[in-house]
Amino acid sequence: SVHQYLRGHRTPGLVDCLLGKADLDAVIQTDDATGLQYVPAGSPPGSPTDLLSSAAMAGVLAELSRRYDVVLLDSAPVLAVADTRCLHAFVDQTVFVIRWRCTQRNAAHAAVRRLEESGFNFACAVLNLVDLKSYQQYDDGYQHDAFKSYYQE
């Protein structure tokens with residue numbers, strides 16, 4: 001869905017590159033507003049787990065790591081599909097994203113356990129889509145006031 005948010009094209013993308021249908025330079029897109037370069041998912045894969053754990057994936061990520069300071073992989077939800085867990089061999093650290101007031105606590109714990117069992121190294125967890133106005137009801141005022149300007153920036 002990143003390509004939709006950035007108003008790009010889904011294809012050609014990573015899957016097309018991994019299958020040899022497009023080269024890496026052809027799948028890298030640039031967001032005009034920010035200059036962010038990204039690779040969309042591409043065509044629907046036949047077997048995503050096989051593709052994501054392939055030598056082709058290792059080669060693409062090695063080349064991206066050579067070209068860029070940071071390569072960020074946006075993957076599917078951990079509990080929904082097994083694809084995400086096969087990426088552990090290619091990543092240095094994992095940022096675990098939790099949707100505020102949507103992801104249940106037990107689901108988040110189960111997902112972290114699965115990732116740890118698969119060998120992922122956690123950098124941090126991010127709580128996204130936080131409604132700061134609703135958050136105030138859980139706060140005694142001190143922390144909220146202290147960090148309000150930080151979060152609003």
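The values are calculated or read from the model by the stated rules, or taken from the named source; none is laboratory data. Given the structure is predicted, the values throughout are model-derived calculations rather than measurements. Ideal geometry is used to build each Cβ from the backbone, glycine not excepted, and the neighbour counts take in all protein chains shown. Only protein heavy atoms, including side chains, enter the accessible area calculation; ligands, DNA and RNA are left aside. Shrake-Rupley method; radii C 1.70, N 1.55, O 1.52, S 1.80 Å.
At a glance:
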quantity	calculated
Residue match in the stretch 54-72 (condition: part of a loop (DSSP other than H, G, I, E, B), at pLDDT below 90 and out of contact with any Phe, Trp or Tyr (no Cβ under 9 Å at 6 or more places or on another chain))	no
Scope the stretch 13-27; condition part of a helix (DSSP H, G or I), surrounded by fewer than 21 Cβ atoms within 10 Å (Cβ to Cβ) and out of contact with any Leu (no Cβ under 8 Å at 6 or more places or on another chain); matching residues	ASP25, ALA26
Yes/no for VAL78 being closer than 26 Å to ASN128 by Cα, within 14 Å of the chain's Cα centre (by Cα) and without any contact (Cβ under 8 Å) to a residue 60 or more places away in the chain	yes
Close pairs (7 angstrom Cβ cut-off, 6 or more residues apart or separate chains): touching a residue at least 24 places away in the same chain (Cβ under 8 Å) in the stretch 11-33, open to solvent by 20 Å² or more (accessible area, probe 1.4 Å) and among the basic types (Lys, Arg) anywhere	PRO12/LYS21
Index of the failed condition, TYR135 passing every other in (1) under 24 Å from CYS86 (Cα atoms); (2) surrounded by 12 or more Cβ atoms within 10 Å (Cβ to Cβ); (3) modelled with pLDDT under 90	(1)
Scan of the stretch 110-124 for residues that are within 16 Å of LEU79 (Cα to Cα) and among the hydrophobic types (A, V, I, L, M, F, W, C), ordered by number	ALA110, ALA111, VAL112, LEU115, PHE120
Per-region count, the stretch 57-74, residues surrounded by 15 or more Cβ atoms within 10 Å (Cβ to Cβ) and in contact (Cβ under 8 Å) with a residue 12 or more places away in the chain	5
